[in-house]
1. Quick check on my filter: what residues within region 30-46 are under 21 Å from Thr172 (Cα atoms), surrounded by fewer than 19 Cβ atoms within 10 Å (Cβ to Cβ) and at pLDDT 90 or above?
2. Can you say whether Ile201 is open to solvent by less than 10 Å² (accessible area, probe 1.4 Å) and of a type outside the set (Phe, Trp, Tyr), as far as the supplied structure shows?
3. Enumerate the pairs (first residue in region 23-51 and among the charged types (D, E, K, R); second residue anywhere and outside any strand (DSSP E or B) and exposed (fewer than 14 other Cβ atoms within 10 Å of the Cβ)) with beta-carbon separation below 7 Å, excluding pairs fewer than 6 apart on the same chain, so at least 6 apart or on different chains.
4. Give Gly55, Gly27, Gly19 a once-over and let me know the one that is of a type in the set (Gly, Ala, Ser) and surrounded by 16 or more Cβ atoms within 10 Å (Cβ to Cβ).
5. Can you name the residue in region 68-94 that is open to solvent by less than 20 Å² (accessible area, probe 1.4 Å) and out of contact with any His (no Cβ under 7 Å at 6 or more places or on another chain) and is also modelled with the lowest pLDDT among such residues?
6. Could you list all residues from region 1-16 that are more than 23 Å from Ala159 (Cα to Cα) and either open to solvent by 60 Å² or more (accessible area, probe 1.4 Å) or at pLDDT 90 or above (or both)?
7. Could we say that Leu163 is under 17 Å from His37 (Cβ atoms) and either charged (D, E, K, R) or open to solvent by less than 30 Å² (accessible area, probe 1.4 Å) (or both) here?
8. So which residues in region 144-160 are open to solvent by less than 50 Å² (accessible area, probe 1.4 Å) and part of a helix (DSSP H, G or I)?
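The values are calculated or read from the model by the stated rules, or taken from the named source; none is laboratory data. Quantities reported herein were computed from a predicted structural model and do not represent experimental measurements. For neighbour counting, all protein chains shown are included, and Cβ atoms are generated from backbone atoms with ideal geometry for every residue, glycine included. Just the protein is used for accessible areas: all its heavy atoms, side chains included, with ligands, DNA and RNA removed. Shrake-Rupley method; radii C 1.70, N 1.55, O 1.52, S 1.80 Å.
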Amino acid sequence: MMVFSQMMRDTLTLIKQDGSRQEGIKGSVQKNRIYIHNGDISIEEGDEIIRAMPGGKNEEYIVIEPGFYQGLGSIPAGYQMDVKRKSSFSNSTEKNQPQSVTNTYNLFGNNSRVNHQSTDNSYNYTGSTESVKEILQLIEAAREQIKSTAVDKSEVQTANQSLEIIESQIKTSEPSKPIIKTLLNALPDVVKAVPAVVSLIESFQ
């Protein structure tokens with residue numbers, strides 16, 4: 001899917017725990033998470049990911065949770081990895097410890113806006129703890145409305161695949177708003193006209 005390849009702008013190197021390397025991997029590095037739309041490589045907990053930076057410098061990450069997901073139709077298989085900066089590990093035993101709680105909240109809702117760098121370090125879209133439930137209910141309503149609309153079967157399949165990935169994003173500790181927006185914007189026009197989908201799109205503007 002072209003929208004996914006356009007998002008993979010970082011050049012990464014995978015270093016396995018046995019020392020083997022795989023270079024030239026395209027991915028997207030975000031806060032505590034790395035996305036790779038390539039299911040042909042094997043990534044495991046404890047592996048190292050190196051991100052090439054301008055000026056010859058590198059960023060080094062340790063994989064906490066690989067987050068592999070199977071491909072769906074035109075959506076490629078890949079990884080949504082939870083990672084931690086290598087420099088933040090005080091000793092080697094910390095690699096096997098669960099990630100600490102950071103009290104970062106991810107709330108969603110209609111007409112939402114991201115509140116970056118707020119005093120409580122939260123990504124707060126509405127300020128309501130019920131917002132996540134509202135989005136999940138909208139996704140389920142969208143599925144039902146798409147099913148009852150005169151939409152081509154291939155478009156229904158594409159829409160359901162996108163909604164499935166969006167739903168999985170919402171359920172993660174740090175959903176990626178850019179990925180959710182990209183998936184919604186890539187939906188067929190006839191699907192975007194469905195009321196529940198319209199509400200979803202408005203929620204992530």
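1. Quick first cut of region 30-46, residues under 21 Å from Thr172 (Cα atoms) only: 30-39, 43-46.
This time we only want the ones that are surrounded by fewer than 19 Cβ atoms within 10 Å (Cβ to Cβ), so: 30-32, 38-39, 44-46.
Of everything in region 30-46, those that are under 21 Å from Thr172 (Cα atoms), surrounded by fewer than 19 Cβ atoms within 10 Å (Cβ to Cβ) and at pLDDT 90 or above turn out to be Glu44, Glu45, Gly46.
2. On the way: open to solvent by less than 10 Å² (accessible area, probe 1.4 Å): no; of a type outside the set (Phe, Trp, Tyr): yes.
Against the criterion (open to solvent by less than 10 Å² (accessible area, probe 1.4 Å) and of a type outside the set (Phe, Trp, Tyr)), Ile201 does not qualify.
3. That search, which allows pairs on different chains as well, returns Asp47/Gln17.
4. Numbers: Gly55 fails: surrounded by 16 or more Cβ atoms within 10 Å (Cβ to Cβ); Gly19 fails: surrounded by 16 or more Cβ atoms within 10 Å (Cβ to Cβ).
Checking each option against the conditions leaves just Gly27.
5. As a first pass, look at region 68-94 and keep what is open to solvent by less than 20 Å² (accessible area, probe 1.4 Å): 75, 78-79, 81, 83.
Filter once more, keeping what is out of contact with any His (no Cβ under 7 Å at 6 or more places or on another chain): 75, 79, 81, 83.
Values: Ile75: 71, Tyr79: 90, Met81: 90, Val83: 91.
Among them, the one singled out is Ile75.
6. Looking only at region 1-16, we keep the residues that are more than 23 Å from Ala159 (Cα to Cα), and these are 9-16.
Arg9, Thr11, Leu12, Thr13, Leu14, Ile15, Lys16 - these are the residues of region 1-16 that are more than 23 Å from Ala159 (Cα to Cα) and either open to solvent by 60 Å² or more (accessible area, probe 1.4 Å) or at pLDDT 90 or above (or both).
7. On the way: under 17 Å from His37 (Cβ atoms): no; either charged (D, E, K, R) or open to solvent by less than 30 Å² (accessible area, probe 1.4 Å) (or both): yes.
Considered against the rule, which asks whether it is under 17 Å from His37 (Cβ atoms) and either charged (D, E, K, R) or open to solvent by less than 30 Å² (accessible area, probe 1.4 Å) (or both), Leu163 comes out as no.
8. We begin by selecting, within region 144-160, every residue open to solvent by less than 50 Å² (accessible area, probe 1.4 Å); these are 146, 151, 156, 158-159.
Across region 144-160, the qualifying residues are Ile146, Val156, Thr158, Ala159.
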